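Only the coordinates and a few stated rules stand behind these numbers; no lab work does. Given the structure is predicted, the values throughout are model-derived calculations rather than measurements. Every residue, glycine among them, receives a Cβ derived from its backbone with ideal geometry; neighbour counts consider all protein chains shown.
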Amino acid sequence: MSSFVISFLELITGILLLFSGGEFFIQGSVALALILGIPQLVIGLTIVSLGTSAPELFVSLNSSLTGFDSLALSNIVGSNIFNVLVVLGGSALLQPLKVESRLVKRDIPLLLGVSTATWGMASSKLITWQFGVALIVALIINTIWEIRTASEEPQKIQEAEPEINADKDSSSLFNATAKLLGGILLLTFGSRLLIKGASTIAVLFGVSEAIIGLTIVSLGTSLPELITSLVATIRGQTDLAIGNVIGSCLLNQLLVLSSCAILSGQTGLVVENLLRTKDIPIMVITTLACMPIFWTKGIISRGEGGVLLGLYMLYLADKIIPLTFPSLHSEFKELVFLAITLSTIIIIFKTIKYWFRIKDISN
């Protein structure tokens, strides 16, 4: 059996183990929290959100600990881009998503601020452990803020959180612990298989670890977010679908990136040039683009969802075409420039229209 086939099987098996491990991790964590008497609202705001980001956490941590800094960071960046363009776009295609004012006023600006700070730190070519500590502090403050503000409007927030049935989800302490430990083992083993397969494929095709991390690895680790949001949309829980995307993007930086940076110690996380000059800026721009989309009558329409998915197709093509059809790369760059220009014009137009609407309302 060829090296490529073996590596491909390792990669697919790793993704499947990560998905299964994430499910067991959530089930065990929720059951254990219920047994310990932790309020369901807190469980929904913390543990369930952590569960969907567990694959990114384990893959990036294992990558960082084994010396694959580019794979660790590109997985985080690629997952955030995938979440906004594919998870949010795909959910909007299924059903227009109603946006709560809380997201526009609080969560999106917070995500934009964190993403911009990450971009600023990455520009120095090194993400230090001190920056990781700052992100952890921000995570703690944000979590406390989430719980306190949720307590002020419990009914409204609970409707936007995953359903947690205390009778169904609670079980014996042994079963809860077994599920939790089993999930951690699956996540650990799955992340190692995924990293091994992805790094070998990168070597075989002569591409950088960052390219593999931004595409295949980030897609695999983002499957829980995609499925969670699509199911929530089908059930009509559009708040959960959007909140899952924004919450996951925040956790990817506040928890996953910070953990990798802190564990890197004095050496820090080395930022590859491709990530520093292109992909991290794209992550920030996609977050910024959410603002005018969310402002449009408080709804993400099917058309806007289609545009988001189309932009991700262009993003993927930009990674693949130079490797497969190098002669077409210059023409494709012109197409990408045109798409970015049109998107920028639309963003500016929507922004101006929103502020005029706000001004009319205030008058």
Taking 313, 121 and counting other C-beta atoms within 10 Å, the order from fewest to most:
313, 121
Please arrange 277, 177 by how many other C-beta atoms lie within 10 Å of their C-beta, fewest to most.
277, 177
For a quick check: sort 38, 234, 285 by the number of other beta carbons within 10 angstrom, fewest at the front.
234, 38, 285
Over the Cα atoms of region 241-310, how large are the radius of gyration and the largest Cα-Cα distance (Dmax), in Å?
15.5, 48
Three principal axis lengths of region 60-132 [C-alpha, angstrom, descending]
42, 24, 17
For region 167-318, the Cα gyration tensor yields equivalent-ellipsoid semi-axes (√(5λ), largest first, whole Å) of 27, 27, 16
Rounded to the nearest 0.05, what FRET efficiency do residue 174 and residue 341 give with R0 = 56 Å and r taken as the Cβ-Cβ distance? Could you check?
0.40
